[in-house]
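The values are calculated or read from the model by the stated rules, or taken from the named source; none is laboratory data. Bear in mind the structure is a predicted one, so any value in this text is a computation, not a measurement. Note: ideal-geometry Cβ built from the backbone for every residue, glycine included; neighbour counts use all protein chains shown. Note: accessible area is taken over every heavy atom of the protein model, side chains too, but ligands, DNA and RNA are not part of it. Shrake-Rupley method; radii C 1.70, N 1.55, O 1.52, S 1.80 Å.
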Amino acid sequence: AWALSRRPGSNFAVFLLMIRAMPLVFLVPALRADSNAQIIPNGDAVQVLIGGIWQSVATPQVVKGPLMIRTGASRATVILNSDGVFRLEPDTTFKLHDIGDARSSIRPTANLIRGQVWILGLVAPLDDAISVETSRGTVSINSGSASVSDDGTTAVVTVYDRGATFQSDTQTSLLVAGEQGVARSGSSLALVTIPTRAFTAAGVSGNLQQDA
């Protein structure tokens with residue numbers, strides 16, 4: 001049995017050592033039919049924040065609670081139940097809120113703190129969309145594929161399949177495949193048409209092939 005010390009702060013120190021030594025207690029090693037989401041690392045730099053401590057994720061894990069993810073020099077994929085997929089690029093920090101049914105939460109599904117994420121939406125058109133909040137507004141997707149990046153001052157949304165909406169404090173814009181929206185502080189969303197060659201870029205075509 002554990003004997004707790006009466007010295008101030010000693011119990012916390014023991015607890016901290018236990019946390020550092022134990023595996024990812026809020027993750028389980030295999031996907032089950034009733035699980036909510038799964039994180040799949042691609043590289044050894046992916047980490048999740050648990051109990052205030054960043055812990056490495058070396059193998060696919062089932063996520064059992066909202067959490068913060070950072071990829072470092074690696075990439076990671078988050079499978080969000082049957083509602084969609086997030087693919088995180090290197091140097092991305094991503095806060096996942098809703099790991100169950102995307103239609104059950106009034107919050108954004110996730111926050112893109114910084115970096116870049118590819119979103120695949122698999123939600124029926126009449127249901128509430130998967131939503132990712134950026135520093136300049138919220139991107140929502142029901143069914144389709146889009147890339148979202150945010151460096152803290154500028155958010156860029158590029159739609160490659162079907163459509164997405166971008167909502168800021170001042171406007172709501174619909175983007176369709178082949179359009180890119182750029183949102184900066186103090187300005188409206190600027191829409192441009194991307195060139196056809198953008199669809200054949202290595203990263204884009206690879207993601208679209210996985211989405212098919």
ask   = For the stretch 163-211, which whole-number percentage of the solvent-accessible area (1.4 Å probe, protein heavy atoms only) is attributable to carbon and sulfur atoms?
value = 50 percent
ask   = Rank S185, S143 by accessible area, highest first, at a 1.4 Å probe radius?
value = S185, S143
key: Amide N of the stretch 121-140 lying under 17 Å from the label point, which is placed 7 angstrom from the Cα of L174 along Cα→Cβ   = 124-130, 139-140
The stretch 77-193: C-alpha pair distances exceeding 25 Å, % = 12 percent
